[in-house]
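Inspection log for the structure reproduced underneath, given as structure tokens.
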Amino acid sequence: MTTWVPGAAGSAYDVDNLPYGVFVGTGEEPRIGARIGDHVLDLAPVAAAGLLEVAHVFRHQALNPLMALGRAHNDAIRRWIVALLTEETGRADVEPHLIPLADVEMRMPIEVGDYVDFYASEHHASNVGTIFRPEQAPLLPNWKHLPVGYHGRSGTVVPSGTEIIRPMGQRKTPSDDEPVFGPSARLDIEAELGFVVGIGTELGERVTTGGFADHTFGVMGLNDWSARDIQAWEYVPLGPFLGKSFATSISTWVTPLAALDAAWVELPGQDPEPLPYLQVEGRAGLDIAIEVAVNGHVVSRPPYRSMYWSPAQMLAHLTVNGASVRTGDLWASGTVSGPVAEQRGSFLELSWGWREPFAVGDQERLALEDGDEVVLRYTAPGTLGGRIALGEVTGRIAPARP
Ligand code: MN
């Protein structure tokens, strides 16, 4: 199974990857393509020419209709794309519909329904607990019994490349007598993984941990930008609000679950054993390596396989009360941090509570400065023996608008 697409075989975007995205070429309507090597395959005309029954789903400006087809249809579509890109017989018909990535602009890939953000890394939660509550146990009593989460703001989920305007807001540090208003002085990142719902549920229905693959379409990189000073003052007692809602960036490529078949690993271990509705069997974790680069310098390498709670447990938990999910609903893992300092997924942890500046090339940082550019990169084992890449997530900080 070797692709004929020039430069694609053996690359991070070989036929074992094939993420989907929404692209637009000059003077054309945005539509759906699959990435192969450094090209995007324009699926709509190829599907129409091949009389594919579901050809219409590729003429949309979001992946939602494709995602709503469900797992069986999506597996069939994937097999069809692999055949197109590997069999020499149809090459002459397919090749004209391969467009160099340099000639297209990528758009927001999905219409996001509801958005939930979890807090599933034990190392991240322990670091944050130790920084903010040094005299107490690092984890709060509920943490190992349920995947803690909150509802975020879906309307401000933006595609990779979108400029991030430094938020204004209210904050009060211990040295301030009264709250003050101004640009956030503690702007931060959270390196996370996002999961998108393909097939929804009815109100009252629950998704079991075993139902994860039937209801989840795919995975994407996600940066949960966070204004820590705004967050620290506002979050009591109801949780994150304006310190998070100004922007969440996602990759423009969505990796279908099937591309991660070789990436499943055992969870690090759960003690105490979770309640029955949260129990998982077999390999429920994902071996996805993350790299955080600031202004071109790698500052951290968070390992997703170190996450305590699995994505299947997150989906089971967020529907266990009967709350329904819809195609396009998005949930994120929470900051991914590994056990050692070089694996921390936020500036809050890298600077250990703004106390220890860390190196960014020949500069130092506590928090993000105007003009800083953050790039999150993700790779995973592919089914062809190499590594596949998830779409990267980039964002540059623009000055606050006073
Ligand atoms: Mn987060």
**Request:** Kindly establish whether Asp271 is surrounded by fewer than 24 Cβ atoms within 10 Å (Cβ to Cβ) and more than 19 Å from the chain's Cα centre (by Cα).
**Result:** yes
**Message:** Being within 18 Å of the chain's Cα centre (by Cα) and within 16 Å of the ligand (Cβ to nearest atom) is the filter here; which residues of region 162-195 pass it?
**Reply:** Ile164, Asp188, Ile189, Glu190, Ala191, Glu192, Leu193, Gly194, Phe195
**Asked** Out of Val336, Val340, Val298, which single residue is within 16 Å of the ligand (Cβ to nearest atom), over 20 Å from Thr208 (Cβ atoms) and modelled with pLDDT of 95 or more?
**Response** Val336
**Message:** Residues that are closer than 30 Å to Tyr308 by Cβ, at least 2 per element: which helices (runs of 4 or more DSSP H) completely within region 1-118 meet that?
**Reply:** 71-86
**Asked** over 16 Å from Leu260 (Cβ atoms) and within 17 Å of the chain's Cα centre (by Cα) - does that describe any residue in region 349-366?
**Response** no
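To keep it simple, each residue is scored yes or no on (1) out of contact with any helix residue (DSSP H, G or I) (no Cβ under 7 Å at 6 or more places or on another chain); (2) farther than 30 Å from Asp271 by Cα.
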{"site": "Gln61", "(1), (2)": "yes, yes"}
{"site": "Leu69", "(1), (2)": "no, yes"}
{"site": "Ala83", "(1), (2)": "yes, yes"}
{"site": "Thr89", "(1), (2)": "yes, yes"}
{"site": "Glu95", "(1), (2)": "yes, yes"}
{"site": "Pro109", "(1), (2)": "yes, yes"}
{"site": "Ala120", "(1), (2)": "no, no"}
{"site": "Asn142", "(1), (2)": "yes, no"}
**Message:** Looking at region 114-132, can you tell me whether even one residue there is hydrophobic (A, V, I, L, M, F, W, C) and more than 21 Å from Leu222 (Cβ to Cβ)?
**Reply:** yes
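One line per residue, one yes/no per condition, for (1) away from the ligand (no atom under 16 Å from the Cβ); (2) free of Cβ contacts under 8 Å to residues at least 60 places away in the same chain; (3) part of a strand (DSSP E or B):
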| residue | (1), (2), (3) |
| --- | --- |
| Ala293 | yes, no, yes |
| Ser324 | yes, no, no |
| Gly328 | yes, no, no |
| Leu368 | no, no, no |
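Rundown of residues vs (1) over 30 Å from Thr255 (Cβ atoms); (2) open to solvent by 50 Å² or more (accessible area, probe 1.4 Å), yes/no style:
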residue	(1), (2)
Met106	no, no
Val116	no, no
Ser121	no, no
Pro138	yes, yes
Pro141	yes, yes
Leu146	no, yes
Lys172	yes, yes
Pro179	yes, yes
Ile189	no, no
**Item:** Every residue from region 207-244 that is more than 23 Å from the chain's Cα centre (by Cα), surrounded by fewer than 23 Cβ atoms within 10 Å (Cβ to Cβ) and away from the ligand (no atom under 13 Å from the Cβ)
**Value:** Ala232, Trp233, Glu234, Val236, Pro237, Leu238
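Let's see how each residue does on (1) open to solvent by 10 Å² or more (accessible area, probe 1.4 Å); (2) closer than 26 Å to Asn17 by Cβ; (3) among the β-branched types (Val, Ile, Thr):
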{"position": "Arg301", "(1), (2), (3)": "yes, yes, no"}
{"position": "Tyr308", "(1), (2), (3)": "no, no, no"}
{"position": "Val336", "(1), (2), (3)": "no, yes, yes"}
{"position": "Pro339", "(1), (2), (3)": "yes, no, no"}
{"position": "Leu348", "(1), (2), (3)": "no, no, no"}
{"position": "Gly353", "(1), (2), (3)": "yes, no, no"}
{"position": "Pro357", "(1), (2), (3)": "yes, no, no"}
{"position": "Val375", "(1), (2), (3)": "yes, yes, yes"}
{"position": "Ala380", "(1), (2), (3)": "no, yes, no"}
**Item:** Count - residues of region 197-232 that are closer than 25 Å to Gly353 by Cα and of a type in the set (Ser, Thr, Tyr)
**Value:** 1
**Prompt:** Which one of the conditions (1) open to solvent by 30 Å² or more (accessible area, probe 1.4 Å); (2) in contact with a Gly (Cβ under 6 Å, 6 or more places away or on another chain) does Pro100 fail to meet, given that it meets all the rest?
**Reply:** (2)
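The values are calculated or read from the model by the stated rules, or taken from the named source; none is laboratory data. Predicted, not measured: the structure shown is a model, and the values here were computed from it. Glycine gets a Cβ as well: all are built from the backbone with ideal geometry, and neighbour counts include every protein chain shown. For accessibility, only protein heavy atoms count, side chains too; no ligands or nucleic acids. Shrake-Rupley method; radii C 1.70, N 1.55, O 1.52, S 1.80 Å.
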